[in-house]
1. Among the residues of the range 124-173, what is the count of those that are acidic (Asp, Glu) and surrounded by 21 or more Cβ atoms within 10 Å (Cβ to Cβ)?
2. Based on what the data block shows, is residue 116 buried (at least 17 other Cβ atoms within 10 Å of the Cβ), of a type in the set (Ser, Thr, Tyr), in the same structural domain as residue 226 (by TED's automatic domain parsing) and more than 11 Å from the chain's Cα centre (by Cα)?
3. Given the residues 218, 191, 199, which is the only one that is under 30 Å from residue 250 (Cβ atoms) and of a type in the set (Gly, Ala, Ser)?
4. Pairs only if they're at least six apart or on different chains, beta carbon under 8 angstrom, first in the range 81-103 and within 16 Å of residue 159 (Cβ to Cβ), second of a type in the set (Ser, Thr, Tyr); list them, first residue then second.
5. For residues in the range 14-60 being on the phi > 0 side of the Ramachandran plot and touching a residue at least 12 places away in the same chain (Cβ under 8 Å), which is surrounded by the most Cβ atoms within 10 Å (Cβ to Cβ)?
6. With the range 103-175 as the region, which helices (runs of 4 or more DSSP H) entirely inside it contain at least 1 residues that are closer than 21 Å to residue 244 by Cβ and aliphatic (A, V, I, L, M)?
7. Just name the residue that is farthest from residue 242 (Cα to Cα) out of those in the range 176-190 that are in a helix (DSSP H, G or I) and hydrophobic (A, V, I, L, M, F, W, C).
8. Looking only at the range 189-212, which residues are surrounded by 10 or more Cβ atoms within 10 Å (Cβ to Cβ) and either farther than 18 Å from residue 152 by Cα or more than 23 Å from the chain's Cα centre (by Cα) (or both)?
Amino acid sequence: MKMGEDVRGAHSEGPQKLVLCVLCGLPAAGKSTFARALRHQLQQELGWAVGVVAYDDVMPEAVLEKASARPLPSQWKLLRQELLKYLEHFLLAVINGCQMSAPASRTEAMWKDFITCLKDQDLIPSAPVEAQSLYPLTKTAVSRPLLLILDDNFYYQSMRYEIYQLARKYSLGFCQLFLDCALETCLQRNAERPRPLPAETIHQMGNKIEKPNPEKNAWEHHSLAIQSPACASEARLKLTDLLITALENPIKYVEENLEQKETDRLICSTNILHQADQTLRRIVSQTMKEAKGMLSS
């Protein structure tokens, strides 16, 4: 794919180009290492601004007293929703070219970790965080194409669809990268970590994981499965092409209306069929009663 000037280095005239990239896979599949390498590659080769938001770095430590503990599924869901709010605040600042505001309702420790994440990647300036409610963006964040890589397991399709909905809401680019790593390899790597997950947890995720399915779901069209480790030149070319395609083809807001119309049509059709079925049942029931009455007389 030929790359125009607007995907290399300086940002061209027009709205800011943004891509939300979901990086998913089992624990210890190598996602964080892969994300760092991809960030360096895109910065060097395309001159993009790249931010990696690793959920493990932002969420657990903010709410757990013991470093080795893990939150319950219900806690994870609430944390994920809160982090989505943080991401939306950042996206709005980039889109509108203004300062990022702090959410009125937030977990202070988690918000501070999120701010630190942005600072470490030169997306907001390194300034004291205490008593600060507005955060200016750096030139890096607003002067060139921006890719936000969201690094988490995302083993359920619904988890990834939340990110797609956020991209659709603001007409951003969206893509998915699935790091395909053998379960045995993940278990081995996990065991070597300073704070490993219970092996049972990884086994459960391996059984439950819903890989991106572009053939079934239109919204997952821009997806790529990558073998871990991904070092083949062919994989790199496919990856770069996918990211550029996502950048150049943001989700159109009109798609939301079309999808809603299709949903409404299906609901309407279902209702009509249901009503017809109920009517038929009443007719049959009434006919049987009348026939029974005639026989008894």
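1. Residues meeting the conditions: 2.
2. Here the answer is no, as residue 116 does not meet what is asked.
3. 218
4. So the pair list comes out as 82/107; 83/55.
5. Looking at residues that are on the phi > 0 side of the Ramachandran plot and touching a residue at least 12 places away in the same chain (Cβ under 8 Å), I get 25.
6. Where helices (runs of 4 or more DSSP H) fall fully within the range 103-175 and carry at least 1 residues being closer than 21 Å to residue 244 by Cβ and aliphatic (A, V, I, L, M), they are 139-142, 157-169.
7. Per the criteria, the residue is 187.
8. 189, 190, 191, 193, 195, 196, 198, 199
The values are calculated or read from the model by the stated rules, or taken from the named source; none is laboratory data. A quick note: this is a predicted structure, and the numbers were derived from the prediction, not measured. Quick reminder, even Gly has a Cβ in these numbers, built from the backbone with ideal geometry, and neighbours come from all protein chains shown.
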